[in-house]
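Structure first, commentary second.
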Amino acid sequence: MSIRGKAYVMGAFEHPLRDAPNTSTPQLHAECARGALADAGLSFDDVDGYFCAGDAPGFGGLSMIDYMGLKNVRHLDSTETGGSSYIVHVGHAAEAIAAGKCSVALITLAGRPRQARGGGGRGGGFGEPAPEAGFENIYGGSTHNTYGMCAMRHMYEYGTTSEQLAWIKVAASHHAQWNPHAFLPNVVTVEEVVSSRMIADPLHLLDCCVVTDGGGALIVTSPEVARSLNRPKVRVMGAGEAPKGPRGGLDLDLTHSGAVWSGPKAFQEAGVKPTDIKYASIYDSFTITVLMQIEDLGFCEKGQGGRFVADGNLISGVGKLPFNTDGGGLCNNHPTNRGGITKVIEAVRQLRGEAHPKVQVANCDLAIAHGTGGSLGTRHGSATVILEREA
């Protein structure tokens, strides 16, 4: 069953806080939900589908449905794929709506990683160690050094340079300067990126995303509900998801992500090509994350990403592929270390024509939001969604 055109993103909200010492994680979820519902012109009583991931505290969806007083939920999905979960949820919500399981789906993300004892999620397996832990943890793998491995291998295979990676941060900073909520609003140069201190060779401090509190929420509805609302209509045209892991080292490839599978699925369902896309929200936990995904989604050939992103080609109004016009995870917001929902939120803003005028893409009628959850250097989930503005 295709979901093409069978669901609409009618509400989107990004919490303005980036540091929330006095707001609980459940409260952040609820405030994000309220904001997205208000944006759509709906209420909590209209919600009959709820979608969340591992950041939802307590018993996840069960706890949050009760906390927010959702009385009419008849469909629940707590799929967990790390930071890509919320892009997965857009596709799953569209599937549920197309199957008649719900008509107004609420998706929330929230967390407080900046607080030492803040509202962390349940975690996979309720605290049980991952099955690979006993085999891998002894080697000291971390988020930073596994992404560093990917960057180093990409440089070895294709001649990618630190200066090329730096252009991704530069582009994000050019956009963040116009976002009043951005955690890092200052424009930076290539030289400043490559001269910042080394975190995990070859990744420098400014190659890494910010760590922020906060959250966001989305409302996905049936076409019938969408037609009843006096809001711009953003249609879900295609979605894809895919896992990728090291398989115990068999066929290990550090230069490709799961986007090589999730992207083509989404493009095929939507009936469009990468060259049709006017705006791209690309997960940016690190600069190398962006570069690899741009290649894997088909915006350029594998190994050509460094050349593609250089010289401002990702800057709105300047380059060929405007990306992350809110400043992205590199400069604006990476709430609870999970940036997927913000990618959809900014894509919706662009398609509605509601992005900041300095970064709004002209005639933006087709956008992609893509996320990676987990770690590119080990195991991760990729998710892609294609969105279209309805004329």
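The values are calculated or read from the model by the stated rules, or taken from the named source; none is laboratory data. If you're wondering where the values come from, they're calculated on a predicted model, not measured in any experiment. Glycine also receives a Cβ, built like all others from the backbone with ideal geometry; neighbour counts cover every protein chain displayed. Surface accessibility is based on the protein's heavy atoms, side chains included, excluding ligands, DNA and RNA. Shrake-Rupley method; radii C 1.70, N 1.55, O 1.52, S 1.80 Å.
Some points to look at:
- Residue match in the range 338-349 (condition: assigned to a loop (DSSP other than H, G, I, E, B), under 22 Å from residue 184 (Cα atoms) and open to solvent by 10 Å² or more (accessible area, probe 1.4 Å)): yes
- Taking residues in the range 165-178 that are farther than 17 Å from residue 320 by Cα, and partners anywhere that are among the charged types (D, E, K, R) and surrounded by fewer than 24 Cβ atoms within 10 Å (Cβ to Cβ), the pairs with Cβ atoms closer than 6 Å and at least 6 places apart or on different chains are 178/358.
- Considering only residues in the range 364-380 that are outside any loop (DSSP other than H, G, I, E, B) and either free of Cβ contacts under 8 Å to residues at least 24 places away in the same chain or of a type in the set (Val, Ile, Thr) (or both), the one that is nearest to residue 140 (Cα to Cα) turns out to be 372.
- Scanning the range 367-378 for residues being under 17 Å from the mean Cα position of the chain (by Cα) and open to solvent by 10 Å² or more (accessible area, probe 1.4 Å) gives a total of 2.
- A search for C-beta distances below 7 Å between a residue of the range 351-363 that is in contact (Cβ under 8 Å) with a residue 24 or more places away in the chain and at negative phi and any residue that is part of a loop (DSSP other than H, G, I, E, B) and among the hydroxyl-bearing types (Ser, Thr, Tyr), counting only pairs 6+ apart in sequence or on different chains, returns 355/325; 359/316; 359/325; 361/316.
- Close contacts from the range 83-110, counting a first residue that is open to solvent by 10 Å² or more (accessible area, probe 1.4 Å) and a second that is among the acidic types (Asp, Glu) and not in a strand (DSSP E or B), with Cβ to Cβ under 9 Å and a gap of 6+ residues or different chains, come to 101/48; 101/95; 103/46; 103/48; 103/224.
- Those residues of the range 306-337 which are farther than 23 Å from residue 115 by Cα and in a helix (DSSP H, G or I), in sequence order: 306, 307, 308, 309, 310, 311, 312
- Helices (runs of 4 or more DSSP H) (entirely within the range 163-281) containing at least 2 residues that are of a type outside the set (Ser, Thr, Tyr) and open to solvent by less than 10 Å² (accessible area, probe 1.4 Å): 259-270
- Number of positions in the range 24-57 that are more than 23 Å from the chain's Cα centre (by Cα) and open to solvent by 20 Å² or more (accessible area, probe 1.4 Å): 6
- Whether a residue is open to solvent by less than 10 Å² (accessible area, probe 1.4 Å), modelled with pLDDT of 95 or more and farther than 18 Å from residue 377 by Cβ was assessed, and residue 328 passes this test.
- Restricting the range 11-23 to residues that are among the hydrophobic types (A, V, I, L, M, F, W, C) and over 16 Å from residue 348 (Cα atoms), the residue that is surrounded by the fewest Cβ atoms within 10 Å (Cβ to Cβ) is 17.
- Filter result (among the charged types (D, E, K, R) and closer than 19 Å to residue 101 by Cβ) within the range 29-48: 45, 46, 48
- Failed condition for residue 181, given (1) more than 24 Å from residue 358 (Cα to Cα); (2) within 20 Å of the chain's Cα centre (by Cα): (1)
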